[in-house]
1. Please name whichever of A11, V39, P78 sits farthest to the positive end of the charge dipole of the chain, dipole taken about the Cα centre and charges placed at Cβ: Lys and Arg +1, Asp and Glu -1.
2. Gap in Å between the Cα centre of segment 6-53 and the Cα centre of segment 79-100?
3. Taking the number of other C-beta atoms within 10 Å as the exposure measure, put T42, T61 in order starting with the fewest.
4. Rounded, prolate or oblate: pick one for the chain, where a ≥ b ≥ c are the square roots of the eigenvalues of its C-alpha gyration tensor, a/c under 1.5 means rounded, and failing that, prolate if a/b is larger than b/c, else oblate.
5. Taking only Cα atoms and a 10 Å spring cutoff, compute GNM fluctuations for the chain and point out the largest among A72, A38, A89.
6. How far, in nm, would the chain grow between Q24 and A36 when pulled straight, counting 0.36 nm per residue and subtracting the alpha carbon separation?
7. For the chain, what's the relative contact order in percent, using C-alpha pairs closer than 8 Å and at least 6 residues apart?
8. How would you classify segment 40-88 from its alpha-carbon gyration tensor, with a ≥ b ≥ c the square roots of the eigenvalues: rounded for a/c under 1.5, else prolate if a/b is greater than b/c, otherwise oblate?
Amino acid sequence: MDASSVDLSGAWSQIWARIAPELQGFDLFLIFLAVAVAVVVTVKYIYDSRRKGGGDVRSVTVGLVIAALLAAPGLIIPLLLLIADGLIAIFIAIIGLIDM
């Protein structure tokens, strides 16, 4: 197995290219859901910070990351998979050097 055989982002792009046209309106639903998640997380953070004197920043971060994934699965997921491709390629190269 060589480093060039890892292509997670390409596989996701092929999957998304087949799914997206079949589910018309699905992108709009995901964007609506992302906006709803972002609004709920932000309002909860503001409410908690006013009530308790400080909100949980981690929950806001996780909520906004989830909203971003929902809003742009055709862009963000391939970007994350491209990073994973690079890390896997580096790991495979290191394993290849150790086996020598």
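Please treat every number below as a calculation from the coordinates, not as lab data. Remember, it's a predicted structure, so these values are computed and weren't measured experimentally. Virtual Cβ from ideal backbone geometry, glycine too; neighbours counted across all protein chains shown.
1. Farthest towards the positive pole: V39.
2. Each part's Cα centre sits 29 Å from the other's.
3. Details: T42 15, T61 12.
If I rank by nearby Cβ atoms, fewest first, I get T61, T42.
4. Values: a/c = 7.25, a/b = 1.58, b/c = 4.58.
Here the chain falls in the oblate category.
5. Between A72, A38, A89, it is A89 that shows the largest mean-square fluctuation.
6. Values: separation 12, 0.36 × 12 = 4.32 nm, distance 2.01 nm.
Result: 2.3 nm gained on full extension.
7. Details: 75 pairs, mean separation 45.3, N = 100.
Across the chain, relative contact order equals 45 percent.
8. Verdict is oblate for segment 40-88.
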